């Protein structure tokens, strides 16, 4: 007699991330409108290839037609000529980075996963900023690592969210292995300035807690002032990993190339690079074509970024002008990154309820601040600043209409 088959059991990590047939209400409303062919103005469009900001296709085609990448001869750290090209590109920022201190990955998400594998055991703890990027809980859960948030501090005068080492110190425990920083941050635009780094690096060296800096938006700062001043830390003593990639730098998310810059004292750096090389060699996930093409693509960086910067500037200026006359709304852009924030004053609804209402009534899609860890006392909506200008202005008019 054959016993009845039990339901298949998925891993705890997947169940913890919410595997189910359910979807949140905002996603349901959006899907329903798409099914009914109702046009939705997407104010969360963050993929440059879908909003008219793609890398020049003729340059990609020209390099893909070449035959020099047809042979496969992988290097776990990434091809030497690719790492040399990345190192050379940093010289425009007056940074000297040894190509041997770089590890290539297929994305910054993969870079995080490599670092988590390298440094953290199951149930070890990492600290993440709040408000912050909502992908971190997924990445940590997939590695069986515990998360704890540390709060960014809000300045009412400057309307900026700032990093605070004191907030981090209040949250660390004996299980804390890593502190994640994103500068410029998504979505707050928070930055780590030159004057901030000394105390952070001294603390990291003293405690042995590793700092991981994600600077994928580093090229999109200081559009209107010089106050943001994101700064790249250079150290030969504190354990630091810096992440970047071409998804934002070259508007090439589809080409899948990022990197880790390993820093620290010689002993730590040697062991970290060796460990990352073992991890990378187990996956070899970075494709050869993009590695061999990169030296030919990097010279186009300024042209690509100028188009994106001009888009952001025009959308910010439109938002500032349109929302200035609406007393219930406070528009914030911290002069860094791709995102702006709309704060709703004296609201009886949560940010998620507002996002659902706006999508239902005005066919405008944006994200609620709840998803990014904003305090419940703050009713915040998140908007992408690289949305096409016609879409952005039309959506802003609809938002103004609902709050006037």
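Extension gain residue 64-residue 123, at 0.36 nm per residue separation less the Cα-Cα distance, in nm? Write out the running numbers ahead of the final one.
Working: separation 59, 0.36 × 59 = 21.24 nm, distance 4.38 nm.
The residue 64-residue 123 span can extend by a further 16.9 nm.
If the segment from residue 229 to residue 146 were pulled out straight at 0.36 nm per residue, it would be longer than the present Cα-Cα gap by 26.7 nm.
Which of rounded, prolate or oblate describes the range 68-142 when judged by the alpha-carbon gyration tensor and an a/c cut-off of 1.5? Note, shape of the range 68-142 comes out prolate. Between the beta carbons of residue 175 and residue 237, assuming R0 = 22 Å, the FRET efficiency works out to 0.40 to the nearest 0.05. If R0 is taken as 41 Å, the Cβ-Cβ distance between residue 376 and residue 95 corresponds to a FRET efficiency of 0.55.
Peptides 338-348, 123-133 ordered by packing proxy, namely the average of other Cβ atoms within 10 Å per residue, highest first: 123-133, 338-348. Compared with the alpha-carbon gap, the fully stretched path from residue 159 to residue 40 is longer by 39.8 nm at 0.36 nm per residue.
For the range 185-234, the relative contact order works out to 55 percent when only alpha carbon pairs closer than 8 Å and six or more residues apart are counted.
With runs of 4+ DSSP H residues as the only contributors, calculate the mean residue ellipticity of the chain at 222 nm using -39,500 (n - 2.57) per run, divided by the residue total and rounded to the nearest 500.
Values: 14 runs with 156 residues, N = 404.
Counting only the DSSP helices, I get -11500 deg cm²/dmol.
Overall, the anisotropy analysis places the chain in the rounded class: the square-rooted eigenvalues a ≥ b ≥ c of its C-alpha gyration tensor yield a/c less than 1.5.
Counting alpha carbon pairs within less than 8 Å and at least 6 residues apart, what relative contact order, in whole percent, applies to the range 68-298? If you can, show how the numbers build up before the last one.
Numbers: 408 pairs, mean separation 59.4, N = 231.
Relative contact order comes out at 26 percent.
Considering only DSSP beta bridges whose two residues both sit in the chain, what percent are antiparallel, to the nearest 5?
Numbers: 25 of 45 bridges.
The answer is about 55 percent antiparallel.
Under the simplified labelling scheme, the residue 306-residue 274 pair shows an inter-label distance of 4.8 nm, with each label point 7 Å from Cα along Cα→Cβ. Under the criterion of Cα pairs below 8 Å and six or more residues apart, the relative contact order for the chain equals 22 percent.
Read-outs: derived from the displayed coordinates by stated rules, not from any lab. All figures in this text were calculated on a predicted structure; none of them were measured in a lab. Positions of Cβ are generated from backbone atoms using ideal geometry, with glycine treated the same way; all protein chains shown enter the neighbour counts.
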